[in-house]
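Chemist: Please read through the structure below; I'll follow up with questions.
Laboratory data are not the source of any read-out in this text; all were calculated from the coordinates shown. Being a predicted model, the structure only gives us computed values, none of them experimental. Neighbour counts are summed over all protein chains in view; Cβ atoms, including those assigned to glycine, are modelled from backbone coordinates with ideal geometry.
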Ligand SMILES: Cc1cc2nc3c(=O)[nH]c(=O)nc-3n(C[C@H](O)[C@H](O)[C@H](O)COP(=O)(O)OP(=O)(O)OC[C@H]3O[C@@H](n4cnc5c(N)ncnc54)[C@H](O)[C@@H]3O)c2cc1C
């Protein structure tokens, strides 16, 4: 029996935060969008435990999610704004504080569980008449046919479009099938994530301590809970996963210099390998990569998803004024690549630089970086500039 090919203006593979944001932004124009996602989004339950994966959503990403129609639903579920960021160095006197009021903003950003963002975006996708969701469904093949591409799904369905988007995460099958090469740097670290409650309140502050093994972040959540992202040498992270809860709580509080007192509660723990990667090109004719499919960075500044959302906004800004017939234009896709590659590369390199600088054991380097942090802390204008940049203002 022959399979009928369905035609679309764009086929988006992957409805993670980045792919779903792009689909929601493009759905504002008259068009036909196919979104293919292999996993069903979890529905949010207000009585559920906090998701172990959270994102520090910048002001720029907040605006994009507002424009995508998902922000109010995110706020109605669960999100925690933070007003202050406090960063300090292990075994030294260097520290820096950023306050939202220094840039005249009510907060620096929001800590939001990934399931909250994803389920809110899914509601937008499901409500849109421009979008046809293929979920759960997986891309299995991608081939060129004239000036279009044919996408075949594991369900046997065939989709045809002049534009195929790979928003399918770090292992991106679209990137592989389109023959786009990627450079990788294994950081030999794992990001251990968990949720804790502490003796003292978190003060709506995102805390980060740079340790020689990697940075440790306490990110504020509702009801006094904090989300932990602890970058550790891979073998140490694996060991941390095997500790009993009391011993883990003790070691975590100690690594954090007991800044928030004892750790009184801890949830399950999971560790993700940390790998930096960057695709050599984000586009080939009729195909573009976005988000983690194009780049992954060290989570030390919580910028990964924010960069991906910037990719989605940049591509939507280029495509929306065009007729949908032009959406696959290589010239336009190159314009998207030029708009985003430089910014992503600078952030990737900056994160690698921070990781090296703060991982250095030499006393001269330690002294210099502590002095540097304190000097920076005493320079309000420079701090404001850094904050505005990080918030995407
Ligand atoms: C420990 C850790 C902490 C982090 N903390 C932060 C933070 O605080 N702030 C921040 O901004 N970033 C953070 N990040 C990075 C952030 O999580 C990622 O950058 C972000 O989730 C990438 O989103 P994405 O939509 O590009 O990719 P993904 O979230 O990987 O989504 C890709 C989607 O594609 C789907 N897919 C894959 N293959 C197929 C296929 N063949 N067919 C159909 N669908 C497919 C997948 O199911 C998935 O839903 C962190 C990362 C780690 C590891």
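Chemist: How large is log10 I(q)/I(0) at q = 0.17 Å⁻¹ when the Debye formula is applied to the Cα atoms of the stretch 149-216, each weighted equally and without solvent?
Modeler: The calculated log intensity ratios at q = 0.17 Å⁻¹ are -0.83.
Chemist: While we're here: When a footprinting reagent is the concern and you count Cβ atoms within 10 Å, what order do 162, 340 take, fewest first?
Modeler: Arranged by neighbour count, lowest to highest, 162, 340 become 162, 340.
Chemist: If you don't mind, there's one more thing I want to ask. How many angstrom separate the Cα center of the stretch 1-30 from the Cα center of the stretch 40-87?
Modeler: About 23 Å separates the Cα centre of the stretch 1-30 from the one of the stretch 40-87.
Chemist: To the nearest µm²/s, what D does Stokes-Einstein give for the stretch 118-254 at 10 °C and 1.306 mPa s, using the Kirkwood radius over alpha carbon pairs as Rh?
Modeler: Calculated translational D: 83 µm²/s.
Chemist: A follow-up question, please. Would you mind listing how long the chain runs along its three principal axes, going by Cα atoms, in whole Å with the largest first?
Modeler: 67, 42, 42
Chemist: What are the semi-axes of the equivalent ellipsoid of the stretch 255-388, taken as the square roots of 5 times the eigenvalues of the Cα gyration tensor, listed largest first and rounded to whole Å?
Modeler: The equivalent ellipsoid of the stretch 255-388 has semi-axes of 37, 19, 15 Å.
Chemist: Percent relative contact order of the stretch 255-393, based on C-alpha pairs within less than 8 angstrom and at least six residues apart? If you can, show how the numbers build up before the last one.
Modeler: Values: 91 pairs, mean separation 27.3, N = 139.
RCO, the stretch 255-393: 20 percent.
Chemist: Another question, if that's okay. What is the gain in length, in nm to one decimal, between residue 236 and residue 43 on full extension, counting 0.36 nm per residue of separation less the C-alpha to C-alpha distance?
Modeler: 66.1 nm
Chemist: Arrange the following residues from fewest to most other Cβ atoms within 10 Å of their Cβ: 71, 230. Before the final figure, lay out the partial values.
Modeler: Values: 71 20, 230 27.
By the 10 Å Cβ count, ascending: 71, 230.
Chemist: Helix-only mean residue ellipticity at 222 nm, the chain, DSSP H runs n ≥ 4 weighted -39,500 (n - 2.57), per residue, nearest 500. What is it?
Modeler: Value at 222 nm, helices only: -11000 deg cm²/dmol.
Chemist: Could you work out how much longer the chain between residue 3 and residue 188 gets when fully extended? Use 0.36 nm per residue separation minus the Cα distance between them, nm to one decimal.
Modeler: Gain in length upon complete extension: 62.0 nm.
Chemist: Another question, if that's okay. Percent relative contact order of the stretch 172-274, based on C-alpha pairs within less than 8 angstrom and at least six residues apart?
Modeler: On the way: 178 pairs, mean separation 38.2, N = 103.
Relative contact order comes out at 37 percent.
Chemist: Relative contact order for the chain: what is it in percent, counting Cα pairs under 8 Å that are at least 6 residues apart? All intermediate terms of the calculation are to be shown ahead of the outcome.
Modeler: Working: 821 pairs, mean separation 86.0, N = 393.
It rounds to 22 percent for the chain.
Chemist: So for the pair residue 200, residue 280, with labels modelled 7 Å out along Cα→Cβ, what separation do we get in nm?
Modeler: 5.2
Chemist: Now for a separate question. What order do you get for 385, 249 when you list them from fewest to most C-beta neighbours inside 10 Å?
Modeler: Fewest-to-most Cβ neighbours within 10 Å comes out as 385, 249.
Chemist: Compute the length gained on full extension between residue 363 and residue 243: take 0.36 nm times their separation in residues and subtract their Cα-Cα distance, giving the result in nm to one decimal. Spell out each step's value before the answer.
Modeler: Values: separation 120, 0.36 × 120 = 43.20 nm, distance 3.15 nm.
Working it through step by step, the gained length comes to 40.0 nm.
Chemist: Gap in Å between the Cα centre of the stretch 93-134 and the Cα centre of the stretch 191-226?
Modeler: 18
Chemist: For the stretch 269-339, what is the convex hull (Cα atoms) projected area averaged across all directions, in square nanometres?
Modeler: Average projection, Cα convex hull of the stretch 269-339: 5.6 nm².
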